[in-house]
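Undergrad: This is the structure, below, for whatever I ask next.
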Amino acid sequence: MYFKQFLDERCGCASYLVASRQSNEAAIVDPSIAVEEYDSLLAMRGFRLKYVIDTHIHADHISGARRLAAEHGAELCLYRDAEVTYPFRPLHDGEELPLGQLRLRVLHTPGHRPELISILVINPERSPEPSMVLTGDSLLVGDVGRPDFGGGDASAQYESLTRLLRLPDWVAVFPGHFEGPCGKGMCGRPSTTIGFERLFNPLARLDRVPFVDHLSEAVPARPLNITAIEATNRGLADRPWAMLTTNPKVQEIGIDDLDGRDPDALLVDVREPVEYGWGHVPGAVNIPQADLADRIEELPRDRPLLMICQGGFRSLRAAQFLKQVGFDNVASVAGGAAAWAALGKPLDRADVDGDSRRIVETEWAHAGGASAA
Ligand SMILES: [Fe+2]
């Protein structure tokens with residue numbers, strides 16, 4: 001067999017190519033939109049792409065699955081319940097996809113998403129048992145996938161984790177993320193084993209109730225442009241530009257600069273509506289980072305834009321994204337609304353319906369690649 005892991009530094013995602021060196025048939029799992037790297041490897045190795053599998057509908061990066069499948073005449077595969085607008089081969093729990101002498105066995109492991117599947121890789125010529133499992137965002141290294149991206153279920157995540165941890169110790173685990181916003185506390189290693197995670201994953205030692213409490217105790221801020229990215233991956237929109245793929249330099253201004261700001265500048269608060277409601281700098285308008293790409297037409301291109309959030313992290317990423325898509329006069333407010341409030345400056349409040357739990361920052365530092373969890 002042949003196996004390769006691709007790590008995408010832009011979003012902390014991992015994708016995989018599995019192939020049979022006997023039949024030269026290949027499968028690609030969770031491809032990124034930058035499909036050229038898969039194209040060149042397939043050509044170099046002389047592999048024919050048979051399957052393209054998305055383990056789930058991704059919300060943090062644009063999938064390259066449809067493009068790859070169309071270009072190579074491969075079958076596009078998703079779990080049978082996946083809600084997308086385009087045709088695909090529906091996979092069922094327990095189903096095995098033949099790939100030369102190899103078998104790819106589908107394991108339904110919902111929680112992060114209802115349609116999430118893991119893929120067991122079996123090479124019967126060596127062993128009837130699986131040697132590896134591609135877990136998407138169910139089991140991560142030292143963590144599990146967040147269930148709060150829409151449609152997720154912490155209790156289902158507990159069931160899925162339990163199911164995966166019943167696999168033999170030696171099974172190598174290759175997750176869909178090594179960093180990024182899909183987890184809260186990933187270790188950073190790109191792979192692990194079932195045995196190691198059973199012993200040392202902090203969530204593996206929790207019973208159902210504390211496990212669910214842990215995953216539900218706070219509401220993480222929704223990631224940048226999640227609505228546009230998810231809609232694109234479902235086939236409901238076409239916004240491949242909604243993913244932050246560059247690292248442009250952005251001016252950062254201090255809280256003191258806000259008082260004397262250009263009267264023509266528009267102050268944009270990119271926190272969740274409920275955070276904005278709790279208290280925002282007077283004059284700020286609210287466009288959550290999650291909806292920024294969908295609402296980009298609301299931003300004037302002929303006025304300075306000052307992006308603000310709670311502490312200055314989300315606003316920096318939002319400003320970088322706006323620079324990427326052509327807004328030149330954009331800056332981020334270092335320290336954010338927290339620094340403004342700490343100086344005793346007045347906050348405006350707004351009546352906003354929403355979850356009253358604490359909103360936590362779990363976005364991922366694009367520059368430097370460190371987890372901010
Ligand atoms: Fe995910």
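Undergrad: What's the total number of residues in region 119-146 that are within 11 Å of the ligand (Cβ to nearest atom) and among the basic types (Lys, Arg)?
TA: 1
Undergrad: Can you tell me which residue in region 185-205 is farthest from the ligand (Cβ to nearest atom), limited to those that are buried (at least 20 other Cβ atoms within 10 Å of the Cβ) and in contact (Cβ under 8 Å) with a residue 60 or more places away in the chain?
TA: The extreme case among them is Ile194.
Undergrad: Could you say whether any residue in region 10-25 is among the aromatic types (Phe, Trp, Tyr), surrounded by 16 or more Cβ atoms within 10 Å (Cβ to Cβ) and within 20 Å of Tyr79 (Cβ to Cβ)?
TA: Yes, there is a match, as at least one residue in region 10-25 is among the aromatic types (Phe, Trp, Tyr), surrounded by 16 or more Cβ atoms within 10 Å (Cβ to Cβ) and within 20 Å of Tyr79 (Cβ to Cβ).
Undergrad: Now, a different point. Name every residue in region 7-21 that is over 17 Å from Thr245 (Cα atoms) and modelled with pLDDT under 95, in order of residue number.
TA: Matches in region 7-21: none.
Undergrad: While we're looking at this one, here's another question. Hey, any hits in region 147-169 for a residue that's within 11 Å of the ligand (Cβ to nearest atom) and of a type in the set (Lys, Arg)?
TA: no
Undergrad: Could you list, in sequence order, all residues of region 233-250 that are on the phi < 0 side of the Ramachandran plot and in a loop (DSSP other than H, G, I, E, B)?
TA: Result: Leu236, Ala237, Asp238, Arg239, Met243, Leu244, Thr245, Thr246, Asn247, Pro248, Lys249, Val250.
The values are calculated or read from the model by the stated rules, or taken from the named source; none is laboratory data. Because the structure is predicted, anything quoted here is derived from the model rather than measured. Virtual Cβ from ideal backbone geometry, glycine too; neighbours counted across all protein chains shown.
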